[in-house]
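Peer 1: Pasting a structure below so you can have a look.
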Amino acid sequence: MRMRKKPNLDLRMEQCADFLIQNPKEYRGRWRTLKPDAKEVRLELGCGKGRFTAETARQNPQALYIAVERVPDAMIVAMERVRDLGLNNVYFIDGDAAQLRDYFAPDEVDLLYINFCDPWPSSHHARRRLTHENFLVLYRGILREGGEIHFKTDNKPLFEYSLFQFPKAGYELSQVTRNLHECGIQGVMTDYEEKFHSIGTPINRCVGTKLAMDPEPEFKPIPGPDRSRRIPREAEEQDTPKESDKED
Ligand SMILES: C[S@@+](CC[C@H](N)C(=O)[O-])C[C@H]1O[C@@H](n2cnc3c(N)ncnc32)[C@H](O)[C@@H]1O
């Protein structure tokens, strides 16, 4: 289902302006100035309506959170949640994950969250998956060595595909589970996670830790966003990534 246009979006954005970073490129290399006592900079890709963002930031006031989301109609809900909780350690970027190297300097990010990203099930669209090798190499350019990517998804084929991609891009896998909440709720749930868990869909999760690589894998720039052709997640045909995707 495509997200409905939110009423009064411009007004609501104005009311949350303190949380929106208008020119993220200007903060490249100096995100910590937003919270000089921050012990870590944590980045969430595709925060959606921000249930996870707001609650995780509330529980970890010592960390600075930056949430990237390319759909303002979703992001405004996340921003209002953060405002209503009175948090001062969360900021938002209305932008695309493909541009992260323009927004963040090398080693600037300690932890990166990818929660329930669009699965792009057709193998023709594999390069758009946020866990495609190219994206994982892109993240190497902003994540410190030993920094982690925490990945969760309800989508089993995407998860199995991603488990092949992480090592190819120089990440060590750990905490791999195909049923995160088997013995009770673990950690903070996202909006999507809550929905899928409530209908009995098992949640997959893994952690990728950035390893040193010499030489660094070549970064192939990812084409910029093309919002006009975006296929909403639920409307996509579900098919299993093919063996060739794993080698992709
Ligand atoms: C399926 S929703 C999941 C939202 C949230 N993470 C959750 O678990 O509830 C995926 C979100 O990622 C956003 N998104 C997808 N690709 C993105 C990209 N390349 N850059 C930034 N946001 C992206 C979408 O707009 C959408 O809000």
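The values are calculated or read from the model by the stated rules, or taken from the named source; none is laboratory data. Being a predicted model, the structure only gives us computed values, none of them experimental. Here the Cβ is made from the backbone with ideal geometry for all residues, glycine too, and neighbour counts use every protein chain on show.
Peer 1: Would a scan of region 141-156 turn up a residue that is closer than 18 Å to Arg32 by Cβ, buried (at least 17 other Cβ atoms within 10 Å of the Cβ) and within 13 Å of the ligand (Cβ to nearest atom)?
Peer 2: No, region 141-156 has no match at all.
Peer 1: Only one of Asp84, Asp118 is closer than 23 Å to Gly187 by Cβ, surrounded by fewer than 22 Cβ atoms within 10 Å (Cβ to Cβ), within 12 Å of the ligand (Cβ to nearest atom) and not hydroxyl-bearing (Ser, Thr, Tyr); which?
Peer 2: Values: Asp84 fails: within 12 Å of the ligand (Cβ to nearest atom).
Step by step, each of Asp84, Asp118 is checked, and only Asp118 is closer than 23 Å to Gly187 by Cβ, surrounded by fewer than 22 Cβ atoms within 10 Å (Cβ to Cβ), within 12 Å of the ligand (Cβ to nearest atom) and not hydroxyl-bearing (Ser, Thr, Tyr).
Peer 1: Looking only at region 90-110, filter to residues that are surrounded by 19 or more Cβ atoms within 10 Å (Cβ to Cβ) and closer than 14 Å to Leu64 by Cα; which one of those is nearest to the ligand (Cβ to nearest atom)?
Peer 2: Ranking the qualifying residues of region 90-110, first place goes to Ile93.
Peer 1: Looking at region 173-194 only, could you name the residues that are within 28 Å of Leu211 (Cα to Cα), outside any strand (DSSP E or B) and more than 16 Å from the ligand (Cβ to nearest atom)?
Peer 2: Arg178, Asn179
Peer 1: Write out, first by first residue and then by second, each pair whose Cβ atoms fall under 8 Å of each other, whose residues are 6+ apart or on separate chains, and whose first residue, in region 182-194, is surrounded by 17 or more Cβ atoms within 10 Å (Cβ to Cβ) while the second is aliphatic (A, V, I, L, M) and part of a loop (DSSP other than H, G, I, E, B).
Peer 2: Going by the 8 Å Cβ cut-off, the qualifying pairs are Glu193/Ile203.
Peer 1: Moving on. Contact list please: Cβ distance under 6 Å, first residue in region 19-48 and farther than 20 Å from Glu80 by Cα, second residue at pLDDT below 95, pairs at least six apart or on different chains.
Peer 2: Qualifying pairs under 6 Å: none.
Peer 1: Name every residue in region 32-50 that is in a loop (DSSP other than H, G, I, E, B), charged (D, E, K, R) and either more than 16 Å from the ligand (Cβ to nearest atom) or modelled with pLDDT under 95 (or both), in order of residue number. I'd like the intermediate steps shown before the answer.
Peer 2: To start, the set of residues in region 32-50 that are in a loop (DSSP other than H, G, I, E, B) comprises 35-39, 46-50.
Okay, now just the ones that are also charged (D, E, K, R), so 35, 37, 39, 49.
Answer for region 32-50, where residues must be in a loop (DSSP other than H, G, I, E, B), charged (D, E, K, R) and either more than 16 Å from the ligand (Cβ to nearest atom) or modelled with pLDDT under 95 (or both): Lys35, Asp37, Lys39.
Peer 1: Given the structure, is Gly50 closer than 13 Å to Ala74 by Cα and in contact with a Cys (Cβ under 7 Å, 6 or more places away or on another chain)?
Peer 2: Details: closer than 13 Å to Ala74 by Cα: yes; in contact with a Cys (Cβ under 7 Å, 6 or more places away or on another chain): no.
For Gly50, the condition - closer than 13 Å to Ala74 by Cα and in contact with a Cys (Cβ under 7 Å, 6 or more places away or on another chain) - is not met.
Peer 1: Okay, next question. Picking from Ala67, Ala57, Ala78, which residue would you name as being within 11 Å of the chain's Cα centre (by Cα) and crowded, with 24+ Cβ neighbours inside 10 Å? Talk me through it step by step, then tell me what you get.
Peer 2: Working: Ala57 fails: within 11 Å of the chain's Cα centre (by Cα); Ala78 fails: within 11 Å of the chain's Cα centre (by Cα).
Unique residue meeting the criteria: Ala67.
Peer 1: Return the only residue of Phe159, Phe151, Phe164 being within 26 Å of Thr201 (Cα to Cα) and part of a strand (DSSP E or B). Write out each step before concluding.
Peer 2: Numbers: Phe159 fails: part of a strand (DSSP E or B); Phe164 fails: part of a strand (DSSP E or B).
Only one candidate passes the filter, namely Phe151.
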